[in-house]
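Step one of this worksheet: look at the structure below.
The values are calculated or read from the model by the stated rules, or taken from the named source; none is laboratory data. Small disclaimer: the values here were computed from a predicted structure and weren't measured. Heads up, the Cβs are rebuilt from the backbone with ideal geometry, glycines too, and the neighbour counts pull from every protein chain shown.
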């Protein structure tokens, strides 16, 4: 990544974090994602995913981290009271602050107030976001290509990430009833939430299959989605499908800034090339398809 691209990318995120800090200090309402995207000079369509890729955390986790940092600073004042600190940094009650400290810092607010060394340790730990993608920093082979649009029959499923195969099975069962099963051309997924950032069982994912035709009518809850159409940056991922989001982060963080492209407001999707029930996990293949365009086109 070039120095110019790094600086431009970092400045956008720094502006967002500085704005969040200012809101927390002033007690102002927190901005929505569209406002944060504008501050970062990014499209709101992909901002949440891009922010996660660049920082290693969601905007919500950034707010939680900054709120704890502000609480630690206030707890360092000799005259500080836990109740006042909790309310000043936006917690609903001192009990809410205590829960956050126990969960994130394994300490009580009173212990953090009394122990300057412990407080300093956690201030250092919370000062910067920590990503989980260090082991993915390898050269990327990304191809930018124009993909023709295609329709898929999709089922939106909320549940555990590991249970998505059941949703694909339901779509395939419907296709078998229509006599379409042998015409399967595309097996795709669209992550509506990042399974790394939501509780188990709260993952929302669209599971889709394309058969080279557009169904005239579908029973609920099946729906038709149109994917492709336009330029896409395509990265071939090999390995566990649960690591697709990490590989996507790597593409957005390490390839996109120097590529001469920007994100386009269209669906980012995963095109699965192997069946996990038939292919060993270590050699599963999937294409990560990221919609892009040249600035000004």
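Whenever a residue of the stretch 11-35 is over 14 Å from residue 66 (Cα atoms), its partners that are modelled with pLDDT under 90 and loosely packed, with under 14 Cβ neighbours inside 10 Å, lying with C-beta atoms within less than 8 angstrom and at least six residues away or across chains, give the pairs 12/41.
Does the stretch 137-158 include one or more residues that are outside the structural domain of residue 56 (by TED's automatic domain parsing), surrounded by fewer than 18 Cβ atoms within 10 Å (Cβ to Cβ) and on the phi > 0 side of the Ramachandran plot? Among the residues of the stretch 137-158, not one is outside the structural domain of residue 56 (by TED's automatic domain parsing), surrounded by fewer than 18 Cβ atoms within 10 Å (Cβ to Cβ) and on the phi > 0 side of the Ramachandran plot, which makes the answer no.
The number of residues in the stretch 123-165 that are at pLDDT 80 or above, under 24 Å from residue 235 (Cβ atoms), under 21 Å from the mean Cα position of the chain (by Cα) and in a loop (DSSP other than H, G, I, E, B) comes to 1.
Note on the stretch 99-118: among residues that are within 30 Å of the chain's Cα centre (by Cα) and in contact (Cβ under 8 Å) with a residue 12 or more places away in the chain, the one that is nearest to residue 27 (Cα to Cα) is 100.
Against the conditions (1) at pLDDT below 95; (2) in contact with a strand residue (DSSP E or B) (Cβ under 7 Å, 6 or more places away or on another chain); (3) surrounded by fewer than 19 Cβ atoms within 10 Å (Cβ to Cβ), residue 261 satisfies every one except (3). Is it the case that some residue within the stretch 48-61 is part of a helix (DSSP H, G or I), in contact with a strand residue (DSSP E or B) (Cβ under 9 Å, 6 or more places away or on another chain) and touching a residue at least 12 places away in the same chain (Cβ under 8 Å)? So far as the stretch 48-61 goes, yes, one or more of its residues are part of a helix (DSSP H, G or I), in contact with a strand residue (DSSP E or B) (Cβ under 9 Å, 6 or more places away or on another chain) and touching a residue at least 12 places away in the same chain (Cβ under 8 Å).
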